[in-house]
Amino acid sequence: MNNHQVAEVSAEYLTEATGNAVPAGYKQTEVGVIPEDWETKQLGDLVYICSGESPSKFQFQSDGVPYFKVEQLNNGVVYAEATPYFVLTSKVVPAGSVIFPKRGASIFSNKIRVLKTDSFMDTNLMTLTCSASLDELYLYNQLAYRGIDSVADTTSIPQINNKHIYPYLIPFPNKEEQTAIANALSDVDALISELGKLIAKKQAIKTATMQQLLTGRTRLPQFALREDGSKKGYKQSELGEIPEDWEIAPFVSLLSIRHGKNQKSVEVENGEYPILATGGQIGWANSYLWDKPSVLIGRKGTIDKPRYADKPFWTVDTLFYSEIKPWVDAKFVYYKFCMIDWMQYNEASGVPSLNASIIEGIRSVIPKKEEQTAIATILSDMDDDIQALEQRLAKTRQIKQGMMQELLTGKTRLV
């Protein structure tokens, strides 16, 4: 809310709003309690509606008018601007129009965006172009806050048509206040976008670092030289070129894969130890299966999401855990597991499944434990950095949600 004077909700409003009385200066409407000087208006009076056309009608170009499909709205930012598709067409939806899915399950995933440039779209998308009295970012935020899935026709394939949009009611302050609200929320959107980009950048750096350090292509300085000070070299192996002082070994020489067990006999409401399944924690136990650092991976179901545990736990029978040998760093093994395409070892045609003996038989290149630990420490520090940013992003999104609740209902006024 930079450079805005905020008129906070009075204690009287907060007290009265929790009861049945409408606070002074406010009125009850079909969209809830709003300020007396706000109106409610139907979108049919405020927007021009446009639906897209099938890609079969176009020949995609390397340049031209950006053409959007539903998948181009997946990136979770305000503006829709990145698409690999371009067409030559005189049918153009102007920049600033609000775009969202009109057919299928995507209606329920809140993929509402604003077109950054003049564009067009396929038949699964709809756009709303605002009249002069409606700020496009104010409309975007109202739709994102209130949702449009509630008006969808769900008798067969979910869909939204013009008949659903025309009567859709929104709170309607004057244009100046709409813009002030939109600007305040845009400041937070900008921070959310920048945090998302920073997280993606750091994740990419971490992935590249894993590829270098876990294969020995890049050596940490303290392990790069021989005792005489000369630089260590590489040698040929069954897995290609590897550091001269690294070895190839099957995972069975590093760990033993163990099966989880049914949790019924140990599950209690206020247990001390987490019960873990392939999808995450599902309860608490009064006993544990293993209390040392371990790498866990799905036996059935989600088999491509390894995890690391360093506190006592219980795993169910669809989740393997591992007993790590004393000469091995468990966190290093975890990062090794993260580099493996586990789906190539899937043994089932239906629900994905892994076999313990298959896991133990996979051969990998391994340094001595001291270097394992050094590599794992660097990668773990990078994970901690990413996690801190993800927590900040989640907090910022919560802040925006709170701001939307205040500003888009008029509980807090910008003057």
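Coordinate-derived values only; no laboratory data. Quick caveat, the model's predicted, so the values are computed rather than measured. Virtual Cβ from ideal backbone geometry, glycine too; neighbours counted across all protein chains shown.
Quick notes on this structure:
- Extension reserve of the Ile205-Tyr234 stretch, reckoned as 0.36 nm per residue once the Cα distance is removed: 8.0 nm
- Cβ-defined net charge surrounding Ser380, 13 Å radius [Lys, Arg +1; Asp, Glu -1]: -4
- Beta-bridge orientation, the chain: approximately 90 percent antiparallel, per DSSP, counting only bridges with both partners inside.
- Cα-Cα P(r), segment 247-366, percent of pairs per 5 Å interval: 2, 12, 22, 24, 18, 12, 6, 2, 0, 0
- Length released on extending from Ser156 to Glu194, taking residue separation times 0.36 nm less the Cα-Cα span: 9.8 nm
- Placing one equal scatterer on every Cα of segment 52-171 and applying the Debye formula, the log10 ratio I(q)/I(0) at q = 0.12, 0.17 Å⁻¹ is -0.41, -0.83.
- Amide N proximity, segment 365-387 versus Ala249 label position 7 Å along Cα-to-Cβ, cut-off under 14 Å: 365-373
- Here each label is just a point 7 Å from Cα along the line to Cβ, and for Asn110 and Lys261 those points are 4.2 nm apart.
- The protection proxy used here, the mean number of other Cβ atoms lying within 10 Å of each residue, ranks peptides 49-59, 101-111 as follows, highest first: 101-111, 49-59.
- Peptides ranked, highest mean first, by Cβ atoms within 10 Å: ranges 208-214, 94-100: 94-100, 208-214
- Note on Ala394 and Glu269: the model spin-label points, each 7 Å out from Cα along the C-beta direction, lie 2.5 nm apart.
- Calculated FRET value between Glu36 and Val92, using beta carbons and R₀ = 41 Å, to 0.05: 0.55
- Structure-based [θ]222 nm, the chain - -39500 (n - 2.57) summed over DSSP H runs of at least 4, per residue, nearest 500: -9000 deg cm²/dmol
- Using every pair of separate Cα atoms, the Kirkwood estimate puts the hydrodynamic radius of the chain at 26.0 angstrom.
- Inter-label distance for Asp187 and Asn346, nm, one decimal - labels placed 7 Å from Cα along Cα-to-Cβ: 4.8 nm
- Overall dimensions of segment 299-415, expressed as equivalent-ellipsoid semi-axes from the Cα gyration tensor (√(5λ), whole Å, largest first), are 40, 21, 12.
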